[in-house]
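*Asks:* Handing you a structure now.
The values are calculated or read from the model by the stated rules, or taken from the named source; none is laboratory data. This is a predicted model, so every value here is computed, not measured. With ideal geometry, Cβ positions are generated from the backbone for all residues, glycine too; neighbour counts draw on all protein chains shown.
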Amino acid sequence: MYIFKKGDPDYHVQLNDNFKELSDGKVSKTGNETITGIKNFTGKLQVAGNDVLTTIKTDPLWSGAWMMNAVQSVTPKKKITDCQTGWVLVFQGWDSSTSSSSNSIFHFFHIPKAHAVHFGGRGINLQISDWKGANRGIKYVYVNDTTIKGHEMNGTAPNNTVVMTRVFEY
């Protein structure tokens, strides 16, 4: 690989090969090229006109400790179709002696935004297991673009061992 140096007789010609300046001030590059090293970009990074995810969202869109029974529904701060790929529902163990969630038995369920677009409002079966992988029940929820609604069976044994504690963007 040749490194161009200012003062080379034709450095500016070789450097500009395959570049085309567009009327909006952008530059178009043709041909294949390997780029090495660290490149710092300002603004949005796009590939073929689509944004490239460069940050990870970690703030919950909703938090609480709900069994998600028939009268409970959750409205996250952001519609599922406005998220990068959808929502992640987080369930944790339920301690009935303290009536609070435990810091264990975590279950994470990805709900793609395609569900809201193609099957909005229809039910989703979320399989719950113990730490050994044994089936310990299900959570059944209805998801549309803005809301997650529960089902009456979520509050009865064996489905009442976990509660929904967070919704994240995914």
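*Asks:* What pairs come up if the first residue lies in segment 97-114 and is free of Cβ contacts under 8 Å to residues at least 12 places away in the same chain and under 14 Å from ASN160 (Cα atoms), the second is of a type outside the set (A, V, I, L, M, F, W, C) and part of a strand (DSSP E or B), and their beta carbons are under 9 Å apart, counting only those six or more places apart or on different chains?
*Replies:* Final answer for the pair search is SER102/GLN92; SER102/GLY93; SER102/ASP95.
*Asks:* Ok, one more. With a cut-off of at least 1 residues that are under 27 Å from TYR170 (Cβ atoms), at pLDDT 90 or above and assigned by TED's automatic domain parsing to the domain that holds ILE148, name the strands (runs of 3 or more DSSP E) lying wholly within segment 16-115.
*Replies:* On the way: elements: 19-21, 27-29, 62-66, 86-95, 107-112.
Output list reads 62-66, 86-95, 107-112.
*Asks:* Right, here's the next one. Taking the stated definitions as given, is LYS139 in contact (Cβ under 8 Å) with a residue 24 or more places away in the chain, in the same structural domain as ILE80 (by TED's automatic domain parsing) and in contact with a Cys (Cβ under 7 Å, 6 or more places away or on another chain)? Lay out the reasoning, then the answer.
*Replies:* Working: in contact (Cβ under 8 Å) with a residue 24 or more places away in the chain: yes; in the same structural domain as ILE80 (by TED's automatic domain parsing): yes; in contact with a Cys (Cβ under 7 Å, 6 or more places away or on another chain): no.
So LYS139 fails the test.
Let's see how each residue does on (1) under 12 Å from LEU89 (Cα atoms); (2) in contact with a His (Cβ under 7 Å, 6 or more places away or on another chain); (3) surrounded by 12 or more Cβ atoms within 10 Å (Cβ to Cβ):
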site: PHE106; (1), (2), (3): yes, no, yes
site: PHE109; (1), (2), (3): yes, no, yes
site: PHE119; (1), (2), (3): no, no, yes
site: ALA134; (1), (2), (3): no, no, no
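*Asks:* Looking at segment 69-84, which of the residues that are within 12 Å of TYR142 (Cβ to Cβ) and not hydrophobic (A, V, I, L, M, F, W, C) is surrounded by the most Cβ atoms within 10 Å (Cβ to Cβ)? Spell out the reasoning first.
*Replies:* Pass one, segment 69-84, residues within 12 Å of TYR142 (Cβ to Cβ): 70, 72-74.
Next, from what is left, pick out any that are not hydrophobic (A, V, I, L, M, F, W, C): 72-73.
Numbers: GLN72: 18, SER73: 14.
Residue satisfying both the conditions and the ranking: GLN72.
*Asks:* Against the condition more than 30 Å from VAL52 (Cα to Cα), in contact with a strand residue (DSSP E or B) (Cβ under 9 Å, 6 or more places away or on another chain) and touching a residue at least 60 places away in the same chain (Cβ under 8 Å), how does VAL90 come out, does it pass? Outline the logic, then answer.
*Replies:* Working: more than 30 Å from VAL52 (Cα to Cα): no; in contact with a strand residue (DSSP E or B) (Cβ under 9 Å, 6 or more places away or on another chain): yes; touching a residue at least 60 places away in the same chain (Cβ under 8 Å): yes.
When the stated conditions are applied, VAL90 does not pass them.
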